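I have placed the structure first, in the form of structure tokens, so that the comments after it can refer back to it.
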Amino acid sequence: MMSKHPDGYVHTTIKDGIGIVEFYHPASNSLPGTILSELAQAINHVGTDERAKVIILQSAGEKSFCAGASFDELIAIENEAGGKKFFNGFALVINAMRKCHKFIIARVQGKAVGGGVGVIAAADYAIATEHAAIKLSELAVGIGPFVVGPAVERKIGLSGFSQLAIDATEWRSADWARKHGLYAEIHPDINGVDDAVYALANRLGRSNPEAMMQLKKIFWEGTENWDELLTQRAGISGTLVLSEFTRNAIQSFKKKS
């Protein structure tokens, strides 16, 4: 199944017990609202398809895994309702991953920023290349990683999350991300990543689906309030994005990119 847009796509396939959800956007795999919405739908769809025993989440291309929120859409937000709706798109994706009964393996071929780090953190297991540095840049543009924060903090702890959120202009290496628990494995190149991703997916495909579902419930205990929590956090970001400070900061970042 594929949903195509002028600015990208979400594509799903299921073969040999492995569901693959792939997203793409020409701007370094950034995530506009349409892609966010359909990514959440795709995860829900594959997650309820009995043919899939495990899910691989990946983005297209050889460079960036995900550049986070679309700056063009951030600039276009006109009111708090529109802001909350946009940022709630990230909440929908994270909650879809959280509530999916199947393990989700993130295949990370390159750098991840902002919401992209949140998507990786919401995966159950992430395998990345040595080039897959990360950054939470939200504070640098006047917002803050409010929606993705719970997922990142759950994965790497409050200390690691605080470091990323406060030092918002500096990259952390893939090795840093592995040592803090965001990545389970790192490999020198994408071929090594793919070998590891599919080896794990095939092993999980032969495992007991009920046992994996019960394990996932245990892994995510304590997050039952995230439907409400992440929506509230989206409201904070939706208000901040309207400030003059944030608009000027985003325009400055756009000129540099």
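Any read-out appearing in this document is the output of simple, stated calculations on the displayed coordinates, not a laboratory observation. All values derive from a computational prediction rather than experimental measurement. Quick reminder, even Gly has a Cβ in these numbers, built from the backbone with ideal geometry, and neighbours come from all protein chains shown.
Structural remarks
- Mean shadow area of the chain, taken as a quarter of the surface of its Cα convex hull (nm²): 12.4 nm²
- Within the range 159-238, the GluC sites (Glu not before Pro) that combine a DSSP coil assignment with at most 15 other C-beta atoms in a 10 angstrom radius are GLU170, GLU221, GLU224.
- Ranked by the mean number of other Cβ atoms within 10 Å of their residues, highest first, the peptides 126-132, 153-159, 28-34 come out as 126-132, 28-34, 153-159.
- Virtual paramagnetic centre 7 Å along Cα→Cβ of MET213, amide N under 20 Å, in the range 102-134: 102-105, 124-125
- Note on SER162/ILE236: beta-carbon distance plugged into 1/(1 + (r/R0)^6) with R0 of 25 Å gives a FRET efficiency of 0.90.
- Pairs from the list LYS63/LYS99; LYS99/LYS217; LYS15/LYS99; LYS102/LYS216; LYS99/LYS135; LYS85/LYS155 with a Cα-Cα gap above 19 Å: LYS63/LYS99; LYS15/LYS99; LYS99/LYS135; LYS85/LYS155.
- Amide N of the range 46-75 lying under 16 Å from the label point, which is placed 7 angstrom from the Cα of HIS101 along Cα→Cβ: 46-55
- C-alpha long axis of helix 209-219 to longest principal axis of the chain, angle in °: 40 degrees
- For trypsin sites (Lys or Arg not before Pro), the sites in the range 17-73 that DSSP calls loop and that have at most 15 other Cβ atoms within 10 Å are ARG51, LYS63.
- Rounded, prolate or oblate (a/c below 1.5 giving rounded, otherwise prolate when a/b exceeds b/c) for the range 1-148 by Cα gyration tensor: prolate
- Estimated from helical segments only, the mean residue ellipticity of the chain at 222 nm is -15500 deg cm²/dmol, where each DSSP H run of four or more residues counts as -39500 (n - 2.57).
- Cα→Cβ-extended label distance, 7 Å offset, between ASN202 and PHE253, nm: 4.0 nm
- Gyration tensor verdict on the range 29-106 (Cα atoms; rounded if a/c is under 1.5, prolate if a/b is larger than b/c, oblate otherwise): oblate
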